[in-house]
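Since the structure comes first, as structure tokens, the remarks are kept for the end.
The values are calculated or read from the model by the stated rules, or taken from the named source; none is laboratory data. None of the values given here were measured: they were computed from a predicted structure. Cβ atoms come from the backbone with ideal geometry, glycine included; neighbour counts cover every protein chain shown. Accessible surface areas use protein heavy atoms only, side chains included; no ligands, DNA or RNA. Shrake-Rupley method; radii C 1.70, N 1.55, O 1.52, S 1.80 Å.
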Amino acid sequence: AFYCLLKVHTSMTAMALVEKLIREYRVAVIPGNTFGLNDGCYLRVAYGALEKDTAIAGMGRLVDGLTALLEP
């Protein structure tokens with residue numbers, strides 16, 4: 001598989017988090033509730049169709065976005 005599911009510890013909905021990541025950090029992920037994960041905030045990250053450098057840059061933006069958005 002070329003994807004992973006992340007459980008994010010936040011009170012934000014998955015869709016709200018996805019929208020912020022797209023708008024503010026230019027990284028697209030899919031909310032886990034699309035796949036039936038409704039208990040908590042899950043994100044599906046797909047990377048299989050990306051070139052290595054693109055995947056590395058995207059993961060960096062994802063980490064930066066989650067770090068900033070989830071700070072207390």
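Tabulated data
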| item | result |
| --- | --- |
| Förster radius 30 Å - calculated FRET efficiency between Met12 and Glu51 (Cβ-Cβ, nearest 0.05) | 0.50 |
| Heavy-atom accessible surface of the chain: percent carbon and sulfur, 1.4 Å | 56 |
| Whole-Å semi-axes of the chain's equivalent ellipsoid (Cα gyration tensor) | 19, 15, 9 |
| Probe 1.4 Å, protein heavy atoms only - accessible area per residue of the chain in square angstrom | 69 |
| Amide H partners (placed H, <5 Å) of Cys41, local residues excluded | Val8, Thr10 |
| ³J(HN,Hα) computed for each position of segment 48-59 - Karplus, 6.51 cos²θ - 1.76 cosθ + 1.60, integer Hz, glycine/proline x | x, 8, 9, 5, 3, 5, 5, 4, 4, 5, x, 5 |
| Choice from Gly48, Gly32, Gly40 showing the highest fluctuation, given a GNM over the chain with Cα pairs closer than 10 Å | Gly48 |
| Among Leu37, Leu21, Leu62, residue whose mean-square fluctuation peaks in a GNM of the chain (springs only between Cα atoms under 10 Å) | Leu37 |
